[in-house]
1. log₁₀ I(q)/I(0) of segment 145-221 at q = 0.17, 0.22 Å⁻¹, via Debye over equal Cα point scatterers, no solvent, to two decimals?
2. Probe radius 1.4 Å, ligands and nucleic acids left out: which of Trp24, Trp148 has the largest accessible area, and how do the rest follow?
3. Counting only heavy atoms of protein chains, what accessible area per residue, in Å², does the chain have with a probe of 1.4 Å?
4. How large a share of the accessible area of the chain, in percent, is made up of carbon and sulfur atoms when the probe is 1.4 Å and the other protein chains stay in place?
5. In debye to the nearest 20, how big a dipole does the chain give about its Cα centre with +1 on each Lys and Arg Cβ and -1 on each Asp and Glu Cβ?
6. Going down the table (Lys217/Lys254; Lys208/Lys317; Lys90/Lys262; Lys168/Lys276; Lys43/Lys168; Lys308/Lys365), which pairs top 31 Å between alpha carbons?
7. Hey, if you put +1 on the Cβ of every Lys and Arg and -1 on every Asp and Glu Cβ in the chain, which of Gln195, Gln112, Gln341 ends up farthest toward the positive end of that dipole?
8. In the P(r) worked out for segment 66-130, what percent of Cα pairs fall beyond 13 Å?
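The values are calculated or read from the model by the stated rules, or taken from the named source; none is laboratory data. The structure displayed is predicted, hence computed values, not measured ones. Every residue, glycine among them, receives a Cβ derived from its backbone with ideal geometry; neighbour counts consider all protein chains shown. Please note that ligands, DNA and RNA were not included when accessible areas were found on the heavy atoms of the full protein model with its side chains. Shrake-Rupley method; radii C 1.70, N 1.55, O 1.52, S 1.80 Å.
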Amino acid sequence: MLYLDNSATTPTHQEVVDAMLPYWTDIFGNPSSKYYSQAVDAKVAVDHARQAVATLVNSKADEVIFTSGATESNNFLLKGIAMSHSNKGKRIISSTVEHPSVLETLRYLETQGFDVVYLSVDSFGRIGLAELEKALSEQPTLLVSLLWGNNELGSLNPIKEASELAHKYNAFFHSDATQVIGKVPVDLENLPYVQLVSVSAHKFYGPKGIGAAIVRKDEMGLSLKITPLLHGGAQENGYRSGTHAVPLIVGMGKAAEIAYSKLNEHRQHLLTLESKLKQLLMQQFGDVIQFNNDESNKIPGILSVQFKGLNNEILCKELAPVMAVSTGSACSSSKPSHVLQEIGCTMEQLRSTIRFSLSPYQSEKELDIFLEL
Ligand SMILES: Cc1ncc(COP(=O)(O)O)c(C=O)c1O
């Protein structure tokens with residue numbers, strides 16, 4: 001069975017599983033405990049993983065806050081900034097195609113008196129810088145939150161330019177980078193105004209249930225004040241209480257090491273696979289398909305394809321014995337895709353759309369399964 005739903009989640013890499021194993025049974029100590037080896041060694045492992053995640057995004061290790069995943073990171077960063085800094089204003093700018101963990105958090109903040117501006121997007125799901133600047137110039141803004149790369153279309157937003165605009169208008173800048181990590185270079189040292197970033201391990205061959213919020217220090221090296229979601233033992237510099245999930249953190253660290261060392265190779269291979277898949281789809285179904293995504297400036301390995309006249313749910317079900325594909329985001333699979341609606345697809349078009357998301361661990365040969373369909 002060919003698994004083509006790697007944007008929903010990825011299998012845990014065997015080296016990641018192997019790296020995690022000792023931390024369930026032998027090195028099981030609480031890293032916040034002291035003196036004895038099980039605890040000290042667990043702390044060393046958490047620090048090592050923190051450095052690996054920092055290296056992957058080119059930030060500093062003490063800017064990496066471990067969370068349970070990108071949903072938590074998005075909730076923590078958006079609510080936390082809103083609660084800590086509402087004296088700067090109650091206006092937030094985001095976009096209509098964000099992941100539900102951002103959109104629903106923003107809707108909650110609206111009930112708490114925040115005013116959220118949702119920028120519309122172009123036909124490939126990207127925001128426009130002129131619209132962003134217009135929104136920023138209208139009123140003082142507390143925070144801008146924009147998806148780095150779209151989970152359904154792969155389109156990349158102009159994050160550098162958008163963060164510079166946010167800085168110009170004295171707003172914090174957050175980006176949900178969940179889908180780009182391991183597929184697109186993320187170099188935070190060279191993006192000084194991207195202050196807050198959300199990351200999830202299970203999208204880059206790490207375990208599920210672990211992720212990170214990257215909270216950059218300011219030019220003076222000072223930490224940003226963010227009200228935590230979880231109060232308690234003040235782990236993670238007080239940003240995120242709760243005993244560290246050591247095996248999962250070790251797994252995320254190992255996955256980050258592999259993603260970092262293989263980034264260019266994986267990127268190239270995903271591009272090759274994407275172009276082969278595109279070619280096979282054209283060859284087999286050329287007269288009934290249409291691509292929703294464009295070709296450049298996107299995450300490699302994600303294709304969103306309309307199969308005219310077919311129902312995507314039925315198609316996914318029919319294909320399930322031979323191939324795993326999805327109708328779009330796993331997090332909103334019960335509803336028609338808001339992303340496709342926002343780029344102007346009709347209900348008929350979005351009900352005939354399938355997302356294929358490839359893995360760098362797949363071979364070109366495996367895609368020949370399409371020749372038999
Ligand atoms: C863009 C984006 N943000 C956030 C998430 C949520 O991540 P997690 O499963 O780690 O909570 C996902 C997962 O599908 C995603 O694609």
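1. -0.65, -1.03
2. Numbers: Trp24 145, Trp148 20 Å².
In descending accessible area the options line up as Trp24, Trp148.
3. Numbers: 15950 Å² over 373 residues.
Solvent-accessible surface per residue comes out at 43 Å².
4. Here carbon and sulfur together make up 53 percent of the probe-accessible area.
5. On the way: 32 positive and 40 negative charges, 139 e Å.
Using Cβ point charges on Lys, Arg, Asp and Glu, the chain gives about 660 debye.
6. Numbers: Lys217/Lys254 25 Å; Lys208/Lys317 25 Å; Lys90/Lys262 42 Å; Lys168/Lys276 43 Å; Lys43/Lys168 40 Å; Lys308/Lys365 27 Å.
Table pairs above 31 Å Cα-Cα are Lys90/Lys262; Lys168/Lys276; Lys43/Lys168.
7. It is Gln112, whose Cα lies furthest towards the positive end.
8. Numbers: 1344 of 2080 pairs.
Summing the P(r) of segment 66-130 above 13 Å gives 65 percent of all pairs.
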